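J.: Take a look at this one; I'll ask things after.
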Amino acid sequence: MPAATTETPQITPPYGFQEVVALAKTHRVLLPKGPTLPIVFRTMNPIPVSYTEFPIASRDYPLVFISADQGTTYAPMLVLGLAAQQNLFVTDGDTWDAGVYLPAYVRRYPFCMTRVMVDGKEAPERVACVEKRAINDKGEKLFNDKDEPLPEWEQRQKLLFEFEADLARTEEMCKLLAQLQLLEPFTMQAVPNQGEPLQLTGMYRVAEAKLAELDGAVLKDLMQKGVLGRIYTHLLSLENFQRLHARRAGNTKPAAAENPSGKKVD
């Protein structure tokens, strides 16, 4: 009788990652140094954003929703440019513009949490993974000889797990918006001073007319869950398409400084 075989675990890399493997304590990892941006993000547009990031990210970027399954499920994204693979927030020195918010999706790289398929079934828990090309003998150790986490990993692990928990809240919010049928497709059009008109499609926004038709009890529930505030944050952020257009044209105003209270000052 032939011996039973077990399939090799299958790990699907998140958006923007190439190939990821489960993180092992023996791995040495090339960690981003200084402000230089990993190549993968220099042409990434759009980029995922999480529930907690809505208020701060909406100050700098248009925040929209996209769907990969024709409106069954949705995910919130930050729009970084007015064309595919255009990130207008990358400087000439290959760094992210220091005057704007740096998304957690970028800060967690080269690590991620992802689902693993074993024997065709999804494992109940997500696994901490690392971009395979970042594993290198010249990289940083993440654990000592006693398998205890070193500071380099402790800091990143905290961000990774907090971001993962926040993505779960994000998913729940998007499910709620889909159930209430609040999202509608929209197109952004811009006419530059030179060149062809620009058009972005495939985006969704909350329909204010549908929001106004909701029962008072539903609105109260959205407010208590913190979703209503994020809806209005998203709607206000759409004004940032004008700032994207100005950034593309090279007419952006120097970024304002930021004081400890989080308010921008001139």
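J.: When you scan segment 16-65, how many residues do you find that are in a loop (DSSP other than H, G, I, E, B), in contact with a strand residue (DSSP E or B) (Cβ under 6 Å, 6 or more places away or on another chain) and under 30 Å from Val227 (Cα atoms)?
T.: Of the residues in that region, 4 qualify.
J.: On the given criteria, is Leu177 touching a Phe, Trp or Tyr at 6+ places or on another chain (Cβ under 7 Å), of a type in the set (A, V, I, L, M), within 20 Å of Thr52 (Cβ to Cβ) and modelled with pLDDT of 95 or more?
T.: So Leu177 fits the description; yes.
J.: I'm checking my understanding of the structure. Among residues of segment 132-169 that are among the hydrophobic types (A, V, I, L, M, F, W, C) and in a loop (DSSP other than H, G, I, E, B), which one is surrounded by the fewest Cβ atoms within 10 Å (Cβ to Cβ)?
T.: Filtering segment 132-169 for residues that are among the hydrophobic types (A, V, I, L, M, F, W, C) and in a loop (DSSP other than H, G, I, E, B), the one surrounded by the fewest Cβ atoms within 10 Å (Cβ to Cβ) comes out as Leu150.
J.: Still on this structure: In this structure, is Asp92 surrounded by fewer than 19 Cβ atoms within 10 Å (Cβ to Cβ), over 13 Å from the mean Cα position of the chain (by Cα), assigned to a loop (DSSP other than H, G, I, E, B) and not polar (S, T, N, Q)?
T.: On the way: surrounded by fewer than 19 Cβ atoms within 10 Å (Cβ to Cβ): yes; over 13 Å from the mean Cα position of the chain (by Cα): yes; assigned to a loop (DSSP other than H, G, I, E, B): yes; not polar (S, T, N, Q): yes.
For Asp92, the condition - surrounded by fewer than 19 Cβ atoms within 10 Å (Cβ to Cβ), over 13 Å from the mean Cα position of the chain (by Cα), assigned to a loop (DSSP other than H, G, I, E, B) and not polar (S, T, N, Q) - is met.
J.: Which members of segment 66-76 meet the condition of being surrounded by fewer than 23 Cβ atoms within 10 Å (Cβ to Cβ) and either of a type in the set (Asp, Glu) or not in a loop (DSSP other than H, G, I, E, B) (or both)? Spell out how you get there, then give the answer.
T.: Just the residues of segment 66-76 that are surrounded by fewer than 23 Cβ atoms within 10 Å (Cβ to Cβ), to begin with: 66-75.
Scanning segment 66-76 gives Ile66, Asp69, Ala75.
Residues are listed down the side, and each one gets a yes or a no for (1) open to solvent by 50 Å² or more (accessible area, probe 1.4 Å); (2) polar (S, T, N, Q); (3) closer than 23 Å to Asp166 by Cα:
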| position | (1), (2), (3) |
| --- | --- |
| Ile11 | no, no, yes |
| Gly16 | no, no, yes |
| Thr26 | yes, yes, no |
| Leu30 | yes, no, no |
| Thr36 | yes, yes, no |
| Arg42 | yes, no, no |
| Asn45 | no, yes, yes |
| Ser50 | no, yes, yes |
| Ala57 | no, no, yes |
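J.: Ok, one more. Among the numbered criteria (1) crowded, with 17+ Cβ neighbours inside 10 Å; (2) out of contact with any Asp or Glu (no Cβ under 6 Å at 6 or more places or on another chain); (3) not in a loop (DSSP other than H, G, I, E, B), which one does Tyr109 miss?
T.: Answer for Tyr109: the failing condition is (3).
J.: Could you tell me which residue of segment 227-243 is least open to solvent (accessible area, probe 1.4 Å), considering only residues that are free of Cβ contacts under 8 Å to residues at least 40 places away in the same chain and in contact with a strand residue (DSSP E or B) (Cβ under 9 Å, 6 or more places away or on another chain)?
T.: Going through the qualifying residues, I end up with Leu235.
J.: Identify all residues within segment 147-166 that are touching a helix residue (DSSP H, G or I) at 6+ places or on another chain (Cβ under 8 Å) and either closer than 17 Å to Val106 by Cβ or in contact (Cβ under 8 Å) with a residue 40 or more places away in the chain (or both); write none if there are none.
T.: Our first condition is that a residue be touching a helix residue (DSSP H, G or I) at 6+ places or on another chain (Cβ under 8 Å); within segment 147-166, this holds for 149, 159, 163, 166.
Across segment 147-166, the qualifying residues are Leu159, Phe163, Asp166.
The values are calculated or read from the model by the stated rules, or taken from the named source; none is laboratory data. It should be emphasised that the depicted structure is a prediction, and the values quoted were computed from it without experimental measurement. Cβ: placed from backbone, ideal geometry, glycine included. Neighbour counts: every protein chain shown. Just the protein is used for accessible areas: all its heavy atoms, side chains included, with ligands, DNA and RNA removed. Shrake-Rupley method; radii C 1.70, N 1.55, O 1.52, S 1.80 Å.
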